[in-house]
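Here is the structure we will look at.
The values are calculated or read from the model by the stated rules, or taken from the named source; none is laboratory data. Quick caveat, the model's predicted, so the values are computed rather than measured. Methodologically, a virtual Cβ is constructed for each residue, glycine included, from the backbone with ideal geometry; neighbour enumeration extends over all protein chains shown.
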Amino acid sequence: MAVPYSIINNPQRMLEQLFKRVQTASSPLFLMCVGGTKTSDLVGLSGAGATPEDRRLTPKCDAEALVNGLAGKTSALPVSPEGIVSPVVISAACLKSLSIPIKIVDCGTFSAPTAGEVISVGTPPANCLSEGQAQELKNVEHLFQTGLELGEQFARTHDLVILAECVPAGTTTAFAVLTGLGYDVHRAVSSSMPNFDHQMRWQLASNGLTKAGLMSAVLAGDPAETLKRLENPLKIAAAVGDPMQPFAAGLALAASNRAAVIMGGGSQMLTVYALAQACTARGINQTRDNIGVVTTSWVAFDKNAKVGEISSAVNAPFGCSMLDFSKSMHNGLRAYEEGHVKEGVGAGASIVLAHLMRNLSESELIASIDETYTQMVTGKTMSESSSSF
């Protein structure tokens, strides 16, 4: 049986150790961290919604679809500008097989989710990163501190914490934060779109860091020296980041003191890992052990990015799911093989968890995802719908 995951970066064999802990976990928790940024209003940066207005609603819609398991109860399923349905269908299928409790964390959205258990941390969505004042520093520090507190709380009763995200244009804020932390990631960060204007992303980040007065501190390719100059890495998240990043960094750090932590995502969660690492280096917290990042193959091997190189640069344990959606019955899932959407809502991590915790094979996983896609997109069961869409 083909193993539906691949290990890409494995410092001190940490990811293997984490996967063993996943297999024996008895009390897992899935946290979906949602946030918004006005950066997503710009055309050409995000496939997480067909229009700027849609993208502002995508975190709410994804969260409610994940909790409800069907579209149409409180909101519609998000679709990309090309009409490809959100990866929430993938995560929903895998989590259904695992019976993992789900909590939604609203880190700062334009429209708050209302389904399921929602934890609001009480900060607004971010401004466009090009302004250099995406968030107030006090809000970023509040998000980080709240993450620390909740991470410690959740780890008391859960031995595995899975962190997922939904932030439209989050790969662009990820690029900006990684750049601000001193990593040379030009053309390395992935995107939810098949073709992407990397120069546009660089210009936005450069403008934001310059306006914030932080560009002079950035020494590209030397994060250690850059961090010395910055003193407080949360300044970068305040200048050009989004609300999910500091919260997730704090939560992962605190939870990892007791629990295994899997961060579900690619470029965005590698950025969270890098931010957590920078906070650790400045003495804000003590450890980042027991944390791994898991994404999809469509991100990890994106021909228009170098995400594996980012994982090496930030020294993150990093792996990906390896499902071949060309075997799916749905055009909307086969489109992932062509570079559409790629990741979101912890899709890659959910696939790997379903394999590790339930020993589901590739064919079983694809069949389950196909069935869930049919149910969530049409509201029908597989027997009620024989069409491919």
Inset, instruction - Report yes if some residue within region 81-96 is under 16 Å from the mean Cα position of the chain (by Cα), modelled with pLDDT of 95 or more, in a loop (DSSP other than H, G, I, E, B) and not hydrophobic (A, V, I, L, M, F, W, C); otherwise report no. - result: no
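For region 113-146, give me each residue that is of a type in the set (S, T, N, Q) and free of Cβ contacts under 8 Å to residues at least 24 places away in the same chain. Working first, answer last.
Here is the first cut: in region 113-146, the residues of a type in the set (S, T, N, Q) are 114, 120, 123, 127, 130, 133, 135, 139, 145-146.
Correct list: 120 only.
I'm trying to understand the selection: among the residues of region 48-63, which are surrounded by 22 or more Cβ atoms within 10 Å (Cβ to Cβ) and either charged (D, E, K, R) or modelled with pLDDT of 90 or more (or both)? I'd like the intermediate steps shown before the answer.
Keep residues of region 48-63 that are surrounded by 22 or more Cβ atoms within 10 Å (Cβ to Cβ), which gives 48-49, 55, 58-63.
Scanning region 48-63 gives 55, 58, 59, 60, 61, 62, 63.
Residues to consider are 247, 154; find the one that is within 18 Å of residue 345 (Cα to Cα), at pLDDT 95 or above and assigned to a helix (DSSP H, G or I). Can you show your working first?
Working: 154 fails: within 18 Å of residue 345 (Cα to Cα).
Going through 247, 154 in turn, the sole match is 247.
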Inset, instruction - Check residue 345 against each of (1) among the aliphatic types (A, V, I, L, M); (2) out of contact with any strand residue (DSSP E or B) (no Cβ under 6 Å at 6 or more places or on another chain); (3) at pLDDT 90 or above and name the one condition it does not meet. - result: (2)
Legend entry - Number of the exception - residue 294 against (1) crowded, with 24+ Cβ neighbours inside 10 Å; (2) in contact with a Phe, Trp or Tyr (Cβ under 9 Å, 6 or more places away or on another chain); (3) over 23 Å from residue 343 (Cα atoms): (3)
Legend entry - Single residue of 66, 31, 45, 77 found to be surrounded by 23 or more Cβ atoms within 10 Å (Cβ to Cβ), touching a helix residue (DSSP H, G or I) at 6+ places or on another chain (Cβ under 6 Å), of a type outside the set (Val, Ile, Thr) and outside any helix (DSSP H, G or I): 45
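Hey, can you tell me all the residues within region 145-161 that are charged (D, E, K, R) and either within 21 Å of residue 19 (Cβ to Cβ) or crowded, with 20+ Cβ neighbours inside 10 Å (or both)?
The initial filter retains those residues of region 145-161 that are charged (D, E, K, R), namely 149, 152, 156, 159.
Matches in region 145-161: 159 only.
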Legend entry - Lone qualifier among 154, 110 - being among the aromatic types (Phe, Trp, Tyr), touching a residue at least 24 places away in the same chain (Cβ under 8 Å) and over 24 Å from residue 52 (Cα atoms): 154
Inset, instruction - Kindly provide the set of residues from region 348-389 that are at pLDDT below 90 and surrounded by fewer than 18 Cβ atoms within 10 Å (Cβ to Cβ), ordered by number. - result: 378, 379, 380, 381, 382, 383, 384, 385, 386, 387, 388, 389
Inset, instruction - Residue by residue through region 207-256, note down the ones that are closer than 12 Å to residue 181 by Cβ, touching a residue at least 40 places away in the same chain (Cβ under 8 Å) and in contact with an Asp or Glu (Cβ under 8 Å, 6 or more places away or on another chain). - result: 220, 234
Inset, instruction - Please state which one of 149, 165 is touching a strand residue (DSSP E or B) at 6+ places or on another chain (Cβ under 6 Å), in contact (Cβ under 8 Å) with a residue 24 or more places away in the chain and of a type in the set (D, E, K, R). - result: 165
Inset, instruction - Scan region 87-102 and report the pairs whose first residue is among the basic types (Lys, Arg) and whose second residue is in a helix (DSSP H, G or I), with Cβ atoms within less than 9 Å and a gap of 6+ or a chain change. - result: 96/368; 96/372
Inset, instruction - From 237, 174, 164, grab the single residue that is surrounded by 24 or more Cβ atoms within 10 Å (Cβ to Cβ), of a type in the set (A, V, I, L, M) and either modelled with pLDDT under 95 or under 22 Å from residue 113 (Cα atoms) (or both). - result: 164
Inset, instruction - Six or more apart or on different chains, Cβ under 6 Å: which pairs go from a residue in region 25-54 that's more than 25 Å from residue 116 (Cα to Cα) to one that's among the aliphatic types (A, V, I, L, M) and surrounded by 16 or more Cβ atoms within 10 Å (Cβ to Cβ)? Could you list them? - result: 39/129; 39/169; 40/169; 45/169; 46/169; 47/193; 47/341; 50/79
